[in-house]
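First the structure, in the form of structure tokens, and then the observations on it.
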Amino acid sequence: MILEYENYEFAGASNGPDGIAQVQRDRPDLVLLDIKMPAMDGMEVLRKIKAIDETLPVVMISGHGTTATAVEAIRSGATDFLDKPLSSERVIVTIQNTLSQSQLRKENRELKLAMESKYEIVGNSPTLRRVLESVQRAAPTNATVMLLGESGVGKELVARTIHRNSPRNGQRFVQVNCAAIPEELIESELFGHEAGAFTGATKQRRGKFERASGGTLFLDEVGDMPLAMQAKLLRVLQERETERVGGSETLKIDVRVVAATNRDLVAACESGAFRADLYDRLNVLPLTIPPLRAHREDVPGLARHFLGLVATANDRRDVVLEDDAIDALTAYSWPGNVRELRNVIERLVILTPDTHVHGDDVRNCLPSSGAKTVGIYRPGVPMRVLVEEAERVILQEAIAHHGGQMSKAARALDLERSHLYKKARALGLRGGPGADGGGEGGEADRSGEEDV
């Protein structure tokens, strides 16, 4: 009577088994469940309902309620507990609150699933599987991880995957783009500042290290950090404590650091542009993310994944990639890597008037040179640096193509294996974990690196 008067749609059951059958058949928004019932006790019914749908809110009712009974019900999954005789106002307020909380939980679950889909690593190639295997080994630890690879390969996705699969996944993931912050502000951004520390600092601000406490701090483009800040970052990583700019209080930090760069930090250390001691501190578990051209077999799956995200965001869910469009996407060399692929898919969804995307549509959205890659030469860059970059790309792709097996890569390149190891070490590359044993390869494997 209370529910019908408030215009709630209501269905009743005279005992536990009938109620369970109705839950399975009708999937209600909420269940009001008495404790004392014939045929089956209400606590047992509660457990069976939760086995059917653990998200379904259940409010328990009892004429002989005790604190112990209420506690047991809540521990078993009940949302609330009502005493008889039932007060109309109490019933309505409880239902309204329970349904409101249930809707918020549903929205949170949907938002979480959407975020996970946005940051999902898609692909099933042997090259990508080896990356994910390395991530799975690295994630449960607290070791600092260095992500290496070209711009656009998905280093942020890997960092988020490491965080999501770590014991810190319930805490914050905080990202800092070291290249995007002006040099005069990066110290305040990382470590925070006190009010009055400098012009414009009108109130205290917590830095990224503080905000990430208990969670993961992702230092993106760490190779572009100014030298002065590198020294301060090194101290924080060593001491596990920091101070806000303009302050004197020492703050203990508990942060797992994941760093990323597309620069050759070995060469940067040799030229003095990057501190060797900071490189050693960050390079505990290095993971190399291969360029998309090294695992083109993942392009179809990635393209369809991005199509789903972009089509939904732009309300064009009827757009379809035809087979010749997939072939054209796979044939392209993707110098901009996964990021470029996503941008092209978004361009296709927005600009293609038809719902069916064909190969010609793809080719019209790609650079005019089609499968041509970006040139290596850059004015003002020394020949030595350009040659090192080219060699690094060649070796990286060869090693990835042969599954991290240095011996196979050496044979394919017509190089002595020892020469390939020396060259790879000089460029900061390694084969897959345990790829080759013995000789110089054994030495490389014992370094503990998790490069692919």
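The values are calculated or read from the model by the stated rules, or taken from the named source; none is laboratory data. Everything quoted here is computed from the prediction, not taken from an experiment. FYI the Cβ positions are ideal-geometry reconstructions off the backbone, even for glycines, and counts take in every protein chain you see. Heavy atoms of the whole protein, side chains included, go into the accessibility calculation; ligands, DNA and RNA do not. Shrake-Rupley method; radii C 1.70, N 1.55, O 1.52, S 1.80 Å.
The set of residues in the stretch 71-96 being within 19 Å of residue 9 (Cβ to Cβ), touching a residue at least 12 places away in the same chain (Cβ under 8 Å) and out of contact with any helix residue (DSSP H, G or I) (no Cβ under 6 Å at 6 or more places or on another chain) consists of 86, 92, 94, 95. In the stretch 174-188, the count of residues that are closer than 30 Å to residue 346 by Cβ, of a type in the set (Val, Ile, Thr) and without any contact (Cβ under 8 Å) to a residue 12 or more places away in the chain is one or more.
State whether the residues of the stretch 348-365 include one that is in contact with a His (Cβ under 6 Å, 6 or more places away or on another chain) and of a type in the set (Val, Ile, Thr).
In the first step, residues of the stretch 348-365 are kept if they are in contact with a His (Cβ under 6 Å, 6 or more places away or on another chain); the result is none.
There is no residue in the stretch 348-365 that is in contact with a His (Cβ under 6 Å, 6 or more places away or on another chain) and of a type in the set (Val, Ile, Thr).
Right, residue 245: open to solvent by 20 Å² or more (accessible area, probe 1.4 Å) and touching a Phe, Trp or Tyr at 6+ places or on another chain (Cβ under 9 Å) or not? For residue 245, the condition - open to solvent by 20 Å² or more (accessible area, probe 1.4 Å) and touching a Phe, Trp or Tyr at 6+ places or on another chain (Cβ under 9 Å) - is met. For the stretch 403-415, filtered to residues that are open to solvent by 50 Å² or more (accessible area, probe 1.4 Å) and touching a helix residue (DSSP H, G or I) at 6+ places or on another chain (Cβ under 7 Å), the residue that is modelled with the highest pLDDT is 413. Among the residues here, residue 34 does not qualify as surrounded by fewer than 16 Cβ atoms within 10 Å (Cβ to Cβ), under 23 Å from residue 8 (Cα atoms), modelled with pLDDT of 85 or more and not polar (S, T, N, Q).
Just one of the numbered conditions (1) outside any helix (DSSP H, G or I); (2) at pLDDT below 90; (3) open to solvent by less than 30 Å² (accessible area, probe 1.4 Å) is not true of residue 257: (2). Taking the criterion of being of a type in the set (S, T, N, Q) and not in a loop (DSSP other than H, G, I, E, B), the residues of the stretch 237-248 that qualify are 238, 242. Of the candidates 69, 98, the single residue that is surrounded by 13 or more Cβ atoms within 10 Å (Cβ to Cβ), assigned to a helix (DSSP H, G or I) and in contact with an Asp or Glu (Cβ under 9 Å, 6 or more places away or on another chain) is 98. From the residues in the stretch 134-148 that are outside any strand (DSSP E or B) and open to solvent by less than 10 Å² (accessible area, probe 1.4 Å), which one is nearest to residue 284 (Cα to Cα)? Of everything passing the filter in the stretch 134-148, 138 is nearest to residue 284 (Cα to Cα).
Of the residues 39, 13, only one is open to solvent by 40 Å² or more (accessible area, probe 1.4 Å) and on the phi > 0 side of the Ramachandran plot; which?
The match here is 39.
What's the number of the condition residue 227 fails, among (1) surrounded by fewer than 21 Cβ atoms within 10 Å (Cβ to Cβ); (2) at pLDDT below 90? Here residue 227 meets the rest and fails (2).
Under the condition of being open to solvent by less than 30 Å² (accessible area, probe 1.4 Å) and not in a strand (DSSP E or B), which residue from the stretch 77-91 is farthest from residue 35 (Cα to Cα)?
Initial filter on the stretch 77-91 (open to solvent by less than 30 Å² (accessible area, probe 1.4 Å)): 77-78, 81-82, 91.
Checking the rest, the ones that are also not in a strand (DSSP E or B) come to 77-78, 91.
Numbers: 77: 14, 78: 12, 91: 16 Å.
Applying the filter and picking the extreme gives 91.
Restricting the stretch 195-209 to residues that are modelled with pLDDT under 90 and under 19 Å from residue 235 (Cβ atoms), the residue that is surrounded by the fewest Cβ atoms within 10 Å (Cβ to Cβ) is 206.
Residues of the stretch 153-194 that are closer than 30 Å to residue 334 by Cα, small (Gly, Ala, Ser) and surrounded by fewer than 17 Cβ atoms within 10 Å (Cβ to Cβ): 179, 180. Return a yes/no flag: does the stretch 224-233 have any residue that is in contact (Cβ under 8 Å) with a residue 24 or more places away in the chain, under 16 Å from residue 255 (Cβ atoms) and within 22 Å of the chain's Cα centre (by Cα). Within the stretch 224-233 (the criterion being in contact (Cβ under 8 Å) with a residue 24 or more places away in the chain, under 16 Å from residue 255 (Cβ atoms) and within 22 Å of the chain's Cα centre (by Cα)), the answer is no, since none of the residues qualifies.
Say whether the condition of being within 30 Å of residue 31 (Cβ to Cβ), over 15 Å from the mean Cα position of the chain (by Cα) and part of a helix (DSSP H, G or I) is met by at least one residue in the stretch 117-133. Lay out the reasoning, then the answer.
Kept after step one, since they are within 30 Å of residue 31 (Cβ to Cβ), are these residues of the stretch 117-133: none.
No: zero hits.
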